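The values are calculated or read from the model by the stated rules, or taken from the named source; none is laboratory data. Nothing here was measured: the structure is a model prediction, and the numbers come from that model. Note: ideal-geometry Cβ built from the backbone for every residue, glycine included; neighbour counts use all protein chains shown. The accessibility values were calculated without ligands, DNA or RNA, using every heavy atom of the protein model including side chains. Shrake-Rupley method; radii C 1.70, N 1.55, O 1.52, S 1.80 Å.
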Amino acid sequence: MLHVVKRDGRTLDFNSVKITEAIKGAAQEITFSLKESEAVDLTQKVITKIEGLNSEDVTVEQIQNLVEVTLVENGYREIGSAYSNYRKERTKVREIKSDLMKAIQQIGVETDRDNANVGNNFSSKLLRIASESNKWHTLASMPKHLSKAHETGDIYYHDLDSYNLTTNCLHIPTGEILERGFNTGYGTINKPRRIESAAELSCILLQSTQNDMFGGQSHPDFDNDMGVFVEPTRSEIRTELEEMGLSEEQIGRVLEKRLRKNISQAMQGIVYNLNTMHSRAGSQVPFSSINIGVPKSRDAALVCEVFLLEYEKGLGKGEQPIFPNIIFRVKNGINREAGDPYYYLYQLACRVAAKRMNPTFMNLDADFNKEYFDKGVLPATMGCRTYVISNINGEPGTKGRGNIAPATINLPRLGILAKKDIEKFFELLDNRLEIAREALMHRYNVLKKLRVKDLPFVAGQGLMKGSENLSPDDCIEPILKQGTWSIGFIGVAETVSALLGKHHGGDEEARELALRIVKHIRCFTDRKTQEDRLNWSTYATPAEGLSGRFILQDRKTFGVIPGVTDKDYYTNSYHVPVGFPISIKDKIDIEAPFHKLCNAGHITYIELDDTPTGEVIMDILDYAYKHTNISYIGINFHIRYCRDCGTYLHVSQSKCPKCGSHNLQGISRVTGYLSLDERFGAGKSAERSDRISHTSNAHTYV
């Protein structure tokens, strides 16, 4: 009788059926049509090799090695590769679960670069050690077929380290919270009386919210929320001037200057705080976004103007502020046209963007935004592109809502597995969509066990919609029903290349297929929204570390496929490949239709050489917003400045023209946010090096 020695030392009777099932499972992984008789025949060949060992005991590793050899020897190389890769993933899980010390040792040398906002200090490493531990605990705790989908690279469950602990992101109801006050755990913070205090507390709101969540936070209507505190500040300054004995004429000359100075100091404080206020165990500053541009009063317009001017100044030496990500909302009749009352703010926003890469711009005249705007609901977004507005379980809107959790499908793998059979591709996509939904429902059932006191600030202080009237011991399920649950995708370009041999940047047939794929995902999420009564949505995933993770796994299994796995990253969401030569107009025209489909978040990037002018940026936006239905746009270029004196450099300069220093800092955009160049992960570093400017034929958009 042959016995099998398990990895933990236990001895069990040999069971050949397990070999057959493993072979069939590997074949299914790559959609290989393997007959039952073939699997049985291969199993018998493995048994013959085992018998050749002339031993009564055989280890699991020995059996698996013989299975791999048998598959390759008998012409089933692809099945052998899939079997081998899954073994490696499971081995990785076992090693980390059984000996977390190895992971801790690696983190102790340097944190990874899955998140370009994380540094390499003590707090960063401590957070990564804790994160790594909970990540593998989560994989071990979920159903095996769901964990397998993540481990093998079919689907990616974002932020596994937070899977059972918290939710993703939030549009903070800033004005409402400041009006009624809040408590961070050590006492009540009353309503501020002046703009300086309101600005400082707006940063505290971002920091405290970040400590309860794993994603980003937004002030969805910042200028209007802060504008409320301008008149009380004006009144207090007037009182101070009157007490000094100034005449009404003197007060009239001084008052507005003093007020503007106070607002400037308040806005400067926001920029400084959001680039120094480390949250999340002290390892990173908040992923902060600020929406501005649609003021409802002159005071709100003043806040908007001064904030842009302070951001334009930069930090102490003029260095580039990384945060907040600023979203300037553009609307005909408000700021878009020369005759609009706040056109000057739009001009200023374009000028600042030409220097700082911020603001990014959101089109409120896109029909899916205008629909809500006309109903009195003001759309907003986040720098990472997260978009939340429709609501199956209540009133639409942004404030108090966010994305609960995303999962991303590896589309290029499906394109490879379909072997140019487009209908087969959609069959595979339907399978992955169901798995992604099941995984998010599993996460829903895990998260609903949390209580309000587990999210003491965002839920306990009523920042999240659905938390109204909940007590500390109540479960957070009402909150989970107000947020969105996003199914994302990556690599549309590589997917259509695998299916058609060409991507959507330069071919109409590929373009139609790309749109069909994303429409298919959107139809699924719309259907499930009605069936499950949850806010399912379609997400153009801002893949950072994921862009490199998926392709490395696929290259191991399928080798180098031109146009698909021949780079070190998959192209982000539906974007045209970054190295493909294309005009600004064509890129906008191609990507615009995807914005309406991706109701969980979308963006289009335009890559320019060096620093553009404000007029160039406005020309680009004018074409996009007057001639297409596009919404969210970011203008990218590479920023470099001298760390020693703060002087900005042009692309051609390799040393500071002012002080001669070679101590230079590069800044680029990654997944919506700006980041220091050295903090990019491997996949994003490779992508950045491939980026080419869209300024060839640059003026075809005018």
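Applying the criteria of a DSSP loop state and at most 11 other Cβ atoms within 10 Å to the trypsin sites (Lys or Arg not before Pro) of segment 437-507 yields K449.
The portion of the accessible surface of segment 199-335 made up by carbon and sulfur, rounded to a whole percent, is 50 (1.4 Å probe; DNA, RNA and ligands excluded). Reducing segment 594-632 and segment 431-452 to their Cα centroids gives an inter-centroid distance of 34 Å.
Counted by Cβ distance under 12 Å from E231, the other residues give a net charge of +3, where Lys and Arg count +1 and Asp and Glu count -1.
Computed over Cα pairs, the Kirkwood radius of segment 325-403 leads via Stokes-Einstein (1.567 mPa s, 4 °C) to a diffusion coefficient of 96 µm² per second. Return the percentage of antiparallel bridges among DSSP beta bridges fully within the chain, rounded to the nearest 5 %. Expressed as a percentage, antiparallel bridges in the chain total about 40. The distance linking segment 271-333 with segment 367-391 is 20 Å (Cα centroid to Cα centroid, whole angstrom). By the Kirkwood approach, averaging reciprocal distances over each pair of separate Cα atoms, segment 470-570 gets a hydrodynamic radius of 15.9 Å. Putting +1 on Lys and Arg Cβ atoms and -1 on Asp and Glu Cβ atoms, find which of I584, L499, Q553 reaches farthest to the positive end of the dipole of segment 495-601. About the Cα centre, the residue reaching furthest to the positive side is Q553. To the nearest 10, the accessible area of M226 is 0 Å² with a 1.4 Å probe. Averaged per residue, the chain has 39 square angstrom of accessible surface, using a 1.4 angstrom probe with ligands and nucleic acids left out. Distance from the C-alpha centroid of segment 234-254 to that of segment 556-586: 62 Å, rounded to the whole angstrom. The label point for Y343 and the one for I692, both projected 7 Å from the Cα toward the Cβ, are 3.8 nm apart. Annotation: extensible slack from Y272 through F368 equals 31.1 nm (criterion: 0.36 nm per residue apart, minus Cα-Cα distance). Simple spin-label estimate for T184 and D8 gives 4.6 nm between the two label positions (7 Å along the Cα-to-Cβ direction from each Cα).
Every Cα-Cα pair in segment 410-550 was counted, and those over 19 Å apart are 59% of them. Net charge near K331, counting Lys/Arg +1 and Asp/Glu -1 over other residues with Cβ under 9 Å of its Cβ? For residues surrounding K331, the net value is +1. Once the Cα atoms are used to define both axes, helix 545-558 deviates from the longest principal axis of the chain by about 20 degrees. Across the chain, the relative contact order, built from alpha-carbon pairs under 8 Å that are at least six residues apart, equals 13 percent. DSSP loop trypsin sites (Lys or Arg not before Pro) in segment 506-539 with at most 15 other Cβ atoms within 10 Å of their Cβ, which ones? When the trypsin sites (Lys or Arg not before Pro) of segment 506-539 are filtered for loop state and at most 15 Cβ neighbours within 10 Å, R533 remain. Dimensions of segment 126-170 based on its C-alpha atoms, expressed as ranges along the principal axes with the largest first, amount to 28, 25, 16 Å. Taken over segment 297-352, the convex hull of the Cα atoms encloses 75 Å³ per residue. Dipole magnitude for the chain: computed about the Cα centre from +1 point charges on Lys and Arg Cβ and -1 point charges on Asp and Glu Cβ, it is near 640 debye. Taking the Cα centre of segment 148-192 as reference, the dipole from Cβ charges on Lys and Arg (+1) and Asp and Glu (-1) amounts to some 260 debye. For T529, neighbours were defined as the other residues whose beta-carbon sits under 14 Å from its Cβ, and their charges (Lys and Arg +1, Asp and Glu -1) total +3. Based on alpha carbons, the Rg and Dmax found for the chain are 27.5, 108 Å. Between T611 and E395, the simple label model (points 7 Å from Cα in the Cβ direction) yields a spacing of 4.4 nm. On segment 339-430, 51 percent of the accessible area sits on carbon and sulfur atoms, based on a 1.4 Å probe.
When +1 charges are put on Lys and Arg Cβ atoms and -1 charges on Asp and Glu Cβ atoms, the dipole computed for segment 442-574 relative to its Cα centre reaches about 300 debye. Please say if segment 1-95 is rounded, prolate or oblate, where rounded means a/c under 1.5 for a ≥ b ≥ c the square roots of the C-alpha gyration tensor eigenvalues, and otherwise the choice is prolate for a/b larger than b/c and oblate otherwise? Since a/c reaches 1.5 but b/c is at least a/b, the shape of segment 1-95 is classed as oblate.
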